[in-house]
Amino acid sequence: MKRIPLLIALGAAVMVATVSVTAQTQKSWADEDLDKLMKEVGPASGAMRKAIDGQNAELAKTNATKLNGVFTDVAAFWTARNVKEAAEIAGEAAKHAKAAEGAIDAKDFTKAAEHAKLLQGACASCHGKFRDKGPDGMYRIKP
């Protein structure tokens, strides 16, 4: 009998997640949306790495969770723009943030640091392929 409420709750959670992902990919994304998301990455990534190095699980997990959400949104941005490779790279970054969360929960800070480094590599890969530095020194999406 206890399984039925659990199954109902799990079904509702899956439905909410599906609706959320669908809404994010159908959203009309502007370049400014990506810029706003990217400005969240540096501080959260730096704070996560520092917290992992200091074995501060609470702060590390908070920032890993934030990065997972940010990169999920970045993947939705690129999906809406029909740029499959960038969406896949952002999805990989989100997976590494999620894996870092799991490692932090397990108090495996070495594994968390590995995923933080892989996440950073995904960032570098995407930046190299999909952004340009303008004459004013500001970064923009490559045409």
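The values are calculated or read from the model by the stated rules, or taken from the named source; none is laboratory data. All figures in this text were calculated on a predicted structure; none of them were measured in a lab. Glycine also receives a Cβ, built like all others from the backbone with ideal geometry; neighbour counts cover every protein chain displayed.
Take D136 and tell me if it is in a loop (DSSP other than H, G, I, E, B) and either more than 16 Å from E40 (Cα to Cα) or at pLDDT 95 or above (or both). Against the criterion (in a loop (DSSP other than H, G, I, E, B) and either more than 16 Å from E40 (Cα to Cα) or at pLDDT 95 or above (or both)), D136 qualifies. The residue that is nearest to W29 (Cα to Cα), counting only those in the stretch 54-103 that are of a type outside the set (V, I, T) and in a loop (DSSP other than H, G, I, E, B), is R81. Within the stretch 104-133, the set of residues being assigned to a helix (DSSP H, G or I) and of a type in the set (D, E) comprises D105, E114.
Could you list all residues from the stretch 89-111 that are over 15 Å from the mean Cα position of the chain (by Cα) and surrounded by 12 or more Cβ atoms within 10 Å (Cβ to Cβ)? Scanning the stretch 89-111 gives A103, I104, D105, D108, F109, K111. Scanning the stretch 41-69 for residues that are crowded, with 22+ Cβ neighbours inside 10 Å and either β-branched (V, I, T) or on the phi > 0 side of the Ramachandran plot (or both) returns a single hit, I52. A Cβ distance below 6 Å, combined with a sequence gap of six or more or placement on separate chains, defines the contacts here; from the stretch 104-132, residues that are over 20 Å from A57 (Cβ atoms) reach residues that are part of a helix (DSSP H, G or I) and at pLDDT 95 or above in the pairs A122/I89; A122/E92; A122/A93; S125/I89; C126/A86; C126/I89; F130/A86.
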